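The values are calculated or read from the model by the stated rules, or taken from the named source; none is laboratory data. Keep in mind that this is a model prediction, so the values were computed, not measured. Every residue, glycine as well, gets a Cβ built from its backbone with ideal geometry; the counts of neighbours run over all protein chains shown. Quick note on the areas: whole protein, heavy atoms, side chains included, nothing else; ligands and nucleic acids left out. Shrake-Rupley method; radii C 1.70, N 1.55, O 1.52, S 1.80 Å.
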Amino acid sequence: MKKITIWASLFLGLSLFTACEDDRDSNPILQDPTAFVLNTPAYSTAVYDLSKSSSVELTCSQPDYGFTAATVYTVQVSLNNDFTTEGTYTTLATTYTTAKMNVDASEIATAATTMALANGKKEDEFPIVTKMYVRLKAALTTGTGEIYSNVVELQNVRVHFALSPVVLPKTMNIIGSGVGGWDWEKNAIAMIPTYDNNGTFWRMIYVPANGELKFNIEKAWDGVEFGTTATLKDNAGAGLSGDGNIVVAKAGWYLVVVKAEIVGRNIVYTVEFNKPEVYLMGGTAGGWDVLDSNLFDVPADGEGFFISKPFAATDEVRMCVKLKDVDWWKTEFIVLADGLISYRGTGGDQERIRVNAGKKAYLNFMTGKGKYE
């Protein structure tokens, strides 16, 4: 009887031991990997021409997490083997889930071009041949277990200029409490490009006291909107200030001009506040010179109309604002039969409206409406 009891106890103990082992296998314990090797590519001393390659192949060992784990690999590249200083290396956007990865050559070229420019290279110096240093970051899909590989050197990488050309904006918009609010859909006012379409825009607006303004190419908060980061020129006694938003101290009508200029790889802006000068031109004005005698009267508030002098003759109406070093017709406009102000902008000759002598033009640039009476 004692023998049966002993054997039963031994069997129970073995069963419990086996159960513990099975439980350990089905619930593996995560361990921090200590080694993670990026293999040196077979052609690391050859020339990698990124303009003629679709990808660069990288392979690595899988970090030992104590079990087979889903791992995400991220590629980092540097031109000077510095992976600690911000800006001296770039983390590529594409990630990989296998230990063999074909890294997009265009993505590498874009990163290398950006870093080379930061190091003082000029666009006309490309293509360049440079050393490039590569390492990998591995982590579990949860983001834990992060580890970095060794660095490998690619000795001869030919990098073409891989960045898109910087171009002047074709559109510009105003927003802010100075023009009714901060909703791009409801409150934004489109500025008018000059005929040359050379990055210069204008718009006549009424701004209340301490109204705030910002500008952007798109009607969106996309991170490139600007205000006081632009160079400000107050040519109208507006009292400009602010820290981010442009604050306009003095209420009134202003001819606002935005000028964009390409400097290196950046677009820099100048914002001018000018006097609200509108001119009658051509036959109805008695001539084609931009004269103070042909200026419109300026309303006292945002509800009123700019009013011209009586038309000197029955003729086609021509009106404009005048920007420095810009021909008057490149910033002209008229009021069409539907009562809306129509800006020439970058277009050709506008539809002509013939109006009798003695009448006047009335304009409200905030409502976009006008009339001849």
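Observations on the structure shown:
- The distance separating the Cα centre of the stretch 186-259 from that of the stretch 68-128 comes to 38 Å.
- Ranked by how many other beta carbons lie within 10 Å on average, peptides 124-131, 270-277 from highest: 270-277, 124-131
- Counting Cα-Cα pairs of the stretch 219-345 in 10 Å increments starting at 0 gives whole-percent bin shares of 11, 34, 33, 17, 5, 0.
- Counted by Cβ distance under 14 Å from residue 245, the other residues give a net charge of -2, where Lys and Arg count +1 and Asp and Glu count -1.
- If you bin all the Cα-Cα distances of the stretch 29-86 at 10 Å, starting from zero, the percentages per bin are 15, 39, 32, 12, 1.
- Residue 204 accessible area, assembled protein chains, probe 1.4 Å, Å²: 0
- Relative contact order of the stretch 185-257, defined on C-alpha pairs under 8 angstrom at six or more residues apart (%): 37
- Equivalent ellipsoid dimensions for the stretch 330-373 as semi-axes, Å, which come from the Cα gyration tensor, largest first: 18, 14, 8
- Nearest-ten-degree value, helix 2-26 long axis tilted from longest Cα axis of the chain: 30
- Those residues of the stretch 127-141 whose amide nitrogen sits under 19 Å from the label point placed on residue 72, 7 Å along Cα→Cβ: 135-141
- Sulfur and carbon atoms: percent of accessible area, the chain [1.4 Å]: 51
- Value of D in µm² per second that Stokes-Einstein yields for the stretch 254-297, Kirkwood Rh from Cα pairs, at 20 °C (1.002 mPa s): 167
- Computed FRET value (nearest 0.05) for residue 373 with residue 62, which takes r as the C-beta separation and R₀ as 56 Å: 0.10
- Answer label, with percent of Cα pairs over 32 Å apart calculated from the coordinates and candidates (1) 58; (2) 40; (3) 35: (1)
- Exposure check, 1.4 Å probe, all protein chains in place: residue 206 carries approximately 50 Å² of accessible surface.
- Distant alpha-carbon pairs in the stretch 99-256 (separation over 23 angstrom), percent: 59
- Surface analysis of the chain yields an accessible area of 52 Å² per residue, using protein heavy atoms and a 1.4 Å probe.
- Relative contact order for the chain: 10 percent, from Cα pairs under 8 Å spaced at least 6 residues apart, divided by residue count.
- Whole-percent P(r), the stretch 184-238, all Cα pairs, 10 Å bins from 0: 17, 52, 29, 1.
- Along principal axes, Cα extents of the stretch 135-208, largest first, whole Å: 61, 36, 17
- Using alpha-carbon coordinates, inclination of helix 105-118 to the longest axis of the chain, degrees: 60
- Packing-based ranking, highest mean first, of 43-54, 246-257, 227-238 given that Cβ atoms within 10 Å are counted: 246-257, 227-238, 43-54
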